[in-house]
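All remarks here apply to the structure that follows.
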Amino acid sequence: MQNIIIAGFGGQGVLSLGQFIAYSAMYEGKNVTWLPSYGPEMRGGTANCSVVVSDEPVASPIIAFPDTLIAMNKPSLDKFVDKVKPGGLIIVNSSIIKDKVKRTDVKVCYINANELSLQAGNTKTANIVVLGAFMKQTGLFAKEDVIKSIEKIFAKKPKVIPMNIKAFEIGYEA
Amino acid sequence: MSEKVLMKGNEAIAEAAVRGGCRFFAGYPITPQNEVPEYLSKRLPEVGGTFIQAESEVSAINMIYGAASVGARALTSSSSPGISLKQEGISYIAGAELPCVIINMVRSGPGLGGIQPAQGDYFQAVKGGGHGDYKLIVLAPSTVQEAVDMVYGSFDLSEKYRVPVLILGDGMIGQIMEAVSLPEMRDVSKIKKPDWALDGKGSGSNRKIINSLYIEPDVLEKMNIKLAGIYRQIEENEVKVEEYLTDDATVVITAYGTVGRIAKSAVNILRSKGIKAGLIRPVTLFPFPYFAYEKAASSNNVKKFVTVELSMGQMIEDVKLGVNGKKPVEFFGRSGGNVMSAEDIVDFIISKEV
């Protein structure tokens, strides 16, 4: 079972990053829940979602202690850093977050998502860069399977598929 | 059953209603159920149905009254303050013995309250809500798949007894995404129109009348007795409950809806710590599964019950009726839109053990 919290500013693709993980899980035959924070959120406000991936049917979709935290901005890192399970993983968007994680009992991966997304051709793909880093770090699903999921998710917008696959691969290799 | 699709609770419920034969929706926007009308505003016209965004909740529920009286499979959805506004109409619909389906994606209250998940509308849902001596069939889904299956079957269930069905969800089940198998599309041309439905036919003593006004006490009493008989039939036939690891349980947690699934995780964590916990999750809130509590309360293993709710304690009153004083019933709740984690439930139970 993997419990993942993804948090950042509204507009950073936080909720859709969670959905990419959820779609990949479903296509892999896993059970999954995706639960967003909801409310009067807007671009620039804060947003987060909780994703639970499991071989068994998911009971609680509420995550008290995540295995993985993906922090896209500083307030999100501050809010959830102490909740991550010992031995867990924190992925930090180091384009925006300049601080280092002080905890020594977790694995930390710093990824310069905004700059790397430029290499894919569009800063909108920063969340997909992070998706690549997440899949590499956790090994949750094979690279090829996630690429297949990206193709399925964007089936109605085939033009954006190559850019997103490129962003994913950049994140995966970073 | 089709290939699984990842859908938000609100959208999956809306699609399930269409597949179950719903062809009429009237409602008024309110968070956290807006994806239901949003989805249906596009979907219903595709299948020849009617979508109306009414000018108010009062108007919407009376459109449901009208549509149901001509035999349409009619749906409305709202969230707590909106459902309060609909109560007069719901009472009229119950009094006129019309079927329909009502969705309440409960938010925190009272008053305008907040928009986060809550279970503070339990009393309103199962103990009346509107005026007069009536009941609704109240279903409480804990997963998106269960919500889909419930909504799909709810039009048949409502027509069977001529009693409105209320789906009591909360903001969480509305907003969560899960993989679901959608049931097949019902062929609405093969769904028989009820013979009581108004169709402009019949005259004199054969006139069809849909009404909830009974001025003569003896006539109305006869109607009240008839309705009570129907509610007894529903209690006999339709009660549903999920029991999880209750056979050897010493602590029985009980919760409904989304809290039921959080409580299930709590049971698993407690078991991993050597505490024999079990779960009773009412699937139907009316009819309420009193027998499950009677049975557990009579077991020598069971030391106590813990009711967990997103309220200050409402369902606990029905739990106590079922337990009937045989064992202690404790309460753990969060409110205001805060949602407990499985670990919070575990901590509460362990803190009471020592």
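Okay, here's what the table says:
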| quantity | calculated |
| --- | --- |
| C-alpha center-to-center spacing [the stretch B:183-209, the stretch B:113-161] in angstrom | 25 Å |
| Of all accessible heavy-atom area on chain A, the percent that carbon and sulfur account for (1.4 Å) | 53 percent |
| For A:62-74, mean number of other protein chain Cβ atoms within 10 Å | 2 |
| Positive-end residue of A:71, B:143, B:315, charge dipole of the protein assembly as shown with Cβ unit charges | A:71 |
| Trypsin sites (Lys or Arg not before Pro) within the stretch B:248-339, DSSP loop, no more than 14 other Cβ atoms inside 10 Å | B:273, B:303 |
| Chain B - percent relative contact order, Cα under 8 Å, separation 6 or more | 18 percent |
| Cα-based shape type of the stretch A:130-174, given that a ≥ b ≥ c are square roots of the gyration tensor eigenvalues and the cut on a/c is 1.5 | oblate |
| Within chain B, longest stretch clear of exposed GluC sites (Glu not before Pro) (DSSP loop, no more than 14 other Cβ within 10 Å) | B:185-354 |
| Gyration tensor over alpha-carbon atoms, the stretch B:169-212, equivalent ellipsoid semi-axes in Å | 40, 18, 5 |
| Accessible area of chain B divided out per residue, in Å², using a probe of 1.4 angstrom | 41 Å² |
| Loop trypsin sites (Lys or Arg not before Pro), the stretch A:35-90 (other Cβ atoms within 10 Å of the site Cβ: 13 or fewer; DSSP) | A:43 |
| Overall dimensions of the protein assembly as shown as given by Cα atoms, namely Rg and Dmax in Å | 24.9, 86 |
| Length added when fully stretched, residue B:330-residue B:275, from 0.36 nm per residue minus Cα-Cα | 18.1 nm |
| Label point distance in nm, residue A:74-residue B:213, each placed 7 Å from Cα along Cα→Cβ | 6.8 nm |
| Student exercise, the stretch A:2-173 dipole from Lys, Arg, Asp, Glu Cβ charges, in Debye to nearest 20 | 420 debye |
| Choice from B:321, B:40, B:198 with maximal GNM fluctuation in chain B (Cα, 10 Å cutoff) | B:321 |
| Test item: B:177-185 mean partner chain Cβ contacts at 10 Å | 4 |
| Shape category assigned to chain B from the gyration tensor of Cα positions, a/c cut at 1.5 | prolate |
| Max mean-square fluctuation residue, GNM over chain A, Cα-Cα springs under 10 Å, options A:58, A:106, A:130 | A:58 |
| Helix-only mean residue ellipticity at 222 nm for the protein assembly as shown, each DSSP H run of n ≥ 4 adding -39500 (n - 2.57), per residue, nearest 500 | -12000 deg cm²/dmol |
| Peptide-level mean, for B:260-271, of C-beta atoms on other protein chains within 10 Å | 3 |
| Charge dipole magnitude, Cβ of K and R +1, D and E -1 - the protein assembly as shown, Cα centre, debye nearest 20 | 680 debye |
| Label point distance in nm, residue B:338-residue B:304, each placed 7 Å from Cα along Cα→Cβ | 2.1 nm |
| Entries in B:86/B:135; A:79/A:100; A:143/A:166; B:42/B:193; A:30/A:148; A:102/A:166 that, when Cα-Cα distance is taken, lie over 23 Å | B:42/B:193; A:102/A:166 |
| The stretch A:2-173, relative contact order in percent, only Cα pairs under 8 angstrom and at least six apart counted | 21 percent |
| Förster radius 30 Å - calculated FRET efficiency between residue B:160 and residue B:206, Cβ distance, rounded to 0.05 | 0.80 |
| Threshold 30 Å², the stretch B:5-35 residues less accessible with all protein chains present than alone (1.4 Å probe) | B:6 |
| Segment residue B:188-residue B:236, length gained on full extension (0.36 nm per residue, minus Cα span) | 14.4 nm |
| Rounded if a/c under 1.5, otherwise prolate or oblate - chain A, Cα gyration tensor axes | rounded |
| Between helix B:57-69 and chain B: long-axis angle, C-alpha atoms, 0 to 90°, nearest 10 | 60 degrees |
| Residues of the stretch B:89-119 with amide N under 18 Å of the 7 Å Cα→Cβ point at residue B:196 | B:89-102 |
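The values are calculated or read from the model by the stated rules, or taken from the named source; none is laboratory data. These numbers were taken from a predicted model, which means no experiment stands behind them. Because the Cβ atoms are built from the backbone with ideal geometry, glycine has one as well, and the counts that use them run over all protein chains shown. Only protein heavy atoms, including side chains, enter the accessible area calculation; ligands, DNA and RNA are left aside. Shrake-Rupley method; radii C 1.70, N 1.55, O 1.52, S 1.80 Å.
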